[in-house]
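What follows is a set of notes on a single structure, which appears directly below.
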Amino acid sequence: MDFRFTEEQLMIQDVARRISREKIAPSAEHHDHTGEFPLENIRTLGENGLMGIEVPAEYGGAGMDPISYVLAMVEIAAADCAHSTIVSVNNSLFCNGILKFGTEDQKQKYVRAIAEGKEIGAFALTEPQSGSDATAMRCKAVRQDDGSYVVNGKKSWITSGPVAKYIVLFAMTDPDKGAKGITAFLVDTTKPGFHRGKTEPKLGIRASATCEIEFQDYVVAPEDVLGEEGQGFKIAMGVLDAGRIGIASQAIGVARAAYEATLEYVKERKAFGKPIGAFQMTQAKIADMKCKLDASLLLTLRAAWLKGQDQKFTTEASVAKLTASEAAMWITHQAVQIHGGMGYSKEMALERYFRDAKITEIYEGTSEIQRLVIARNETGLR
Ligand code: CAA
Ligand code: FAD
């Protein structure tokens, strides 16, 4: 076992850290306050290979491995969680699925612009009545004689929905077959029949724009079916395995930012004649924060390493996502507490970290769903 990162991995971490510190961190408060989509920063990330980290260079990406993806995501999330949400959807939910299941034409047509950050990608699985229970979707795609499909229905909570050019969509092609009746499609949002709802106001990751989308007689050409008809649910689950590594990394980034701010504060702030970091109760919290951060990072790197070796990593990705997101929630909560009144103030970023961290326990499968995936895989029972 080798705990050292390669030169290439350290290089991409460095690039992500530099952009995060120079461009993303200084504008994070503004983006949180206004909810403005950070298009300029996304373009900069794209120009530096960070919107398609694992995408081969021939399709416009950086051609790096999953470990590099983790390292870059942590840096971006430490500067601003909302930016890392946009980055993760482009990288893992959009590009990854097309690279794994797409045809050569689909890779050429859809991946390049997204990997280069010139356009934004999205992933549409959830519907108003079906989130965790994803196979209960109602959005329908009906096959026509010429092999095209006509899509009707709604998808909700679509990250980057308000700005996406292309979307990986999941729709029911045979409702009688349940999970095996779902098919994946590639959607061009400039075509007729595609509609966007209003951007949702949210507790955190406010600069990541999310909305409902609707399809009204939207026509998908036969060459825009991703994978085989009926294979869509497996594609969605496979893509989410990789996505969960990204969300774990995001959770680590926001938790690290809260931890580092706390380490500074406990040395400076005094009470009862000493730094608050000298109190044993504070020290216990610092120690627990450190343990949770390290455990989260190691578990996430393990899942990423397995992915890079083309081994199955479903359980490991869920273990990483569950551990890191719950660690992020605990660490940001304790960081606010240790900062006292200042932790609650908008003068510091702590309250933003706390609000942003919460989403990591909800999207790409709630903590309950991660526990369900882990326990089902461990016991074989359901
Ligand atoms: N890889 C490949 N195939 C998989 C799989 C995986 N990880 N997990 C399940 N499958 C296959 C199963 O093998 C099964 O196929 P067979 O019948 O041929 O064996 C089929 O899929 C159905 O599986 P289940 O019976 O386990 O399905 P289920 O209805 O019980 O649901 C679930 C399983 C884990 C709860 C799943 O529905 C799930 O993950 N729900 C959460 C949804 C989610 O994460 N949504 C995220 C939306 S995207 C998002 O949130 C983006 C963002 O925030 C930025
Ligand atoms: P529900 O499924 O209704 O769950 C409600 C509660 O019941 C949860 O606590 C859940 O854990 C619990 N529960 C449900 N089933 C079980 C069970 N079997 N056992 C125990 N507890 C259970 N989706 C996309 O497709 N694309 C996106 O880009 C996207 N981006 C998002 C961005 C944001 C900001 C948000 C908030 C959501 C986004 N989502 C997206 C949707 C997200 O994946 C879902 O919100 C999430 O999967 C939970 O689904 P739900 O909201 O319908 O909750």
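Laboratory data are not the source of any read-out in this text; all were calculated from the coordinates shown. A quick note: this is a predicted structure, and the numbers were derived from the prediction, not measured. In this analysis, Cβ positions are derived from the backbone assuming ideal geometry, glycine residues included, and neighbour counts consider all displayed protein chains.
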Of the trypsin sites (Lys or Arg not before Pro) in the range 120-151, which ones lie in a loop per DSSP and count no more than 16 other C-beta atoms within 10 Å? 138
Listing 169, 293, 298 by rising number of other beta-carbon atoms within 10 angstrom, fewest first, gives 298, 293, 169
In whole Å, largest first, what are the principal axis extents of the Cα atoms in the range 122-233? 43, 30, 20
Check cross-link reach from residue 274 to the aspartates and glutamates: straight Cα distance under 17 Å, and skip same-chain residues fewer than eight apart. 264
Reachable lysines from residue 292, Cα under 24 Å, same-chain residues fewer than 8 places away excluded? 267, 307, 321, 358
Gain in span if fully extended, residue 179 to residue 34, counting 0.36 nm per residue against the direct Cα distance: 48.2 nm
Can you give the calculated 222 nm mean residue ellipticity of the chain, where each DSSP H run of n ≥ 4 adds -39,500 (n - 2.57) and the sum is split over every residue, rounded to the nearest 500 deg cm²/dmol? -15500 deg cm²/dmol
Sequence gap at least 6, Cα distance under 8 Å: using those rules, report the relative contact order of the range 122-233 to the nearest whole percent. 31
Loop only per DSSP, at most 14 neighbouring Cβ atoms within 10 Å: give me the trypsin sites (Lys or Arg not before Pro) in the range 1-60, ordered by residue number. 4
Pairs on different chains or at least eight residues apart, Cα atoms closer than 19 Å: how many lysine pairs in the range 7-120 fit? 4
Rh_Kirkwood(the range 219-317) over Cα pairs, Å, one decimal, evaluates to 16.8
Residues residue 379 and residue 274, FRET efficiency given R0 of 51 Å [Cβ-Cβ distance, rounded to 0.05]: 0.55
Obtain the radius of gyration and the Kirkwood radius of the chain from its C-alpha atoms and give Rg over Rh. 0.99
Defining a contact as two alpha carbons under 8 Å apart and six or more residues distant in sequence, what relative contact order in percent does the chain show? 16
